[in-house]
Amino acid sequence: MTRGHRHGGDLAAGAALADLTPRELTRWARRRAACPACRALEAELDGVLAELALAASPRLPPPSVLDGIRAEIRAQAEPSRS
Ligand SMILES: [Zn+2]
């Protein structure tokens, strides 16, 4: 069960980024439960991502981006008025 697959790979990266489809998540959960190497890899990726998040300086989007998002939300909340 623990042989014949690439340890971690795309699924581990996706899991660390919380970017898996429900189906992939199921596959990953099964694999992780059966394979210590995959669990270790996921823990390692989590650590790397946490360090990256700390190392990266916070960046804010330009105000125009937020304005655009707010306008879009308003437009969807009030479809009759545009
Ligand atoms: Zn594995």
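Nothing in this text is a laboratory measurement; each read-out follows from the coordinates by a stated rule. Values in this document were obtained by computation on a predicted structure and should not be read as measured data. Positions of Cβ are backbone-derived with ideal geometry, glycine not excepted, and every protein chain shown enters the neighbour counts.
Scanning the stretch 1-27 for residues that are within 10 Å of the ligand (Cβ to nearest atom) and assigned to a helix (DSSP H, G or I) turns up GLY9, LEU11, ALA12. Any residue at all in the stretch 30-48 that's within 18 Å of the chain's Cα centre (by Cα), on the phi < 0 side of the Ramachandran plot, loosely packed, with under 10 Cβ neighbours inside 10 Å and away from the ligand (no atom under 16 Å from the Cβ)? The answer is no; no qualifying residue exists.
Taking the criterion of being touching a residue at least 24 places away in the same chain (Cβ under 8 Å) and either surrounded by 14 or more Cβ atoms within 10 Å (Cβ to Cβ) or not small (Gly, Ala, Ser) (or both), would at least one residue in the stretch 49-70 satisfy it? Checked the stretch 49-70: at least one residue is touching a residue at least 24 places away in the same chain (Cβ under 8 Å) and either surrounded by 14 or more Cβ atoms within 10 Å (Cβ to Cβ) or not small (Gly, Ala, Ser) (or both).
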